[in-house]
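Asks: Could you have a look at this structure, given as structure tokens, before my questions?
The values are calculated or read from the model by the stated rules, or taken from the named source; none is laboratory data. What you are looking at is a predicted structure, and each value in this text was computed from that prediction instead of being measured. For neighbour counting, all protein chains shown are included, and Cβ atoms are generated from backbone atoms with ideal geometry for every residue, glycine included.
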Amino acid sequence: MILRYGFMEQPDVPRDLAPLADRGVPFDPMRTSYFVGRNSFVEASRPLLPRWQEKLFLVLARVASNAGDFFQLPPTASSSWAAASKSRSARKGTRPR
């Protein structure tokens with residue numbers, strides 16, 4: 001089953017997977033494992049953006065909602081894999097937080 005959502009739609013993955021039970025596929029939203037990715041940005045050594053743009057990007061990335069909440073996944077059933085990405089806009093000599 002492939003789920004596709006448009007820009008203005010509010011995804012609800014467990015609700016949309018529920019019809020699998022009608023097709024004979026056992027589905028329990030609380031016993032299903034959901035895997036979502038999560039990006040974590042750290043500052044790089046070579047700046048490509050002005051300092052204010054770099055700071056704005058890092059703040060916006062930090063306060064963005066997580067994918068599990070967006071797709072309305074049960075909090076106890078979802079696992080996330082974190083991937084650290086270097087912000088290519090960082091200043092020289094700074095350290096990741």
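Asks: Residue check: is residue 31 charged (D, E, K, R) and closer than 23 Å to residue 16 by Cβ? Outline the logic, then answer.
Replies: On the way: charged (D, E, K, R): yes; closer than 23 Å to residue 16 by Cβ: yes.
Yes: the conditions hold for residue 31.
Asks: Further question on the same structure: Cβ-Cβ under 7 Å, sequence separation 6+ or interchain: first residue in the range 49-78 and on the phi > 0 side of the Ramachandran plot, partner among the charged types (D, E, K, R) and assigned to a loop (DSSP other than H, G, I, E, B). Which pairs?
Replies: Filtered contacts from the range 49-78: 72/12.
Asks: Of all residues being over 25 Å from residue 70 (Cβ atoms) and among the aliphatic types (A, V, I, L, M) in the range 1-59, which is surrounded by the most Cβ atoms within 10 Å (Cβ to Cβ)? Just the residue, please.
Replies: Across the range 1-59, the extreme among qualifying residues is 44.
Asks: For the range 1-51: of the residues being aromatic (Phe, Trp, Tyr), under 27 Å from residue 63 (Cβ atoms) and out of contact with any strand residue (DSSP E or B) (no Cβ under 6 Å at 6 or more places or on another chain), which is modelled with the lowest pLDDT? Steps first, please.
Replies: Pass one, the range 1-51, residues aromatic (Phe, Trp, Tyr): 5, 7, 27, 34-35, 41.
Pick out the ones that are also under 27 Å from residue 63 (Cβ atoms) and you get 5, 7, 34-35, 41.
In the following step, the residues that additionally are out of contact with any strand residue (DSSP E or B) (no Cβ under 6 Å at 6 or more places or on another chain) were identified as 5, 7.
Numbers: 5: 91, 7: 88.
Within the range 1-51, the match that is modelled with the lowest pLDDT is 7.
Asks: For the range 23-41, what are the residues that are of a type in the set (Phe, Trp, Tyr) and either touching a helix residue (DSSP H, G or I) at 6+ places or on another chain (Cβ under 9 Å) or touching a residue at least 60 places away in the same chain (Cβ under 8 Å) (or both)? Let's see the steps before the verdict.
Replies: Start the filter on the range 23-41 by keeping residues that are of a type in the set (Phe, Trp, Tyr), which leaves 27, 34-35, 41.
Result: 27, 34, 41.
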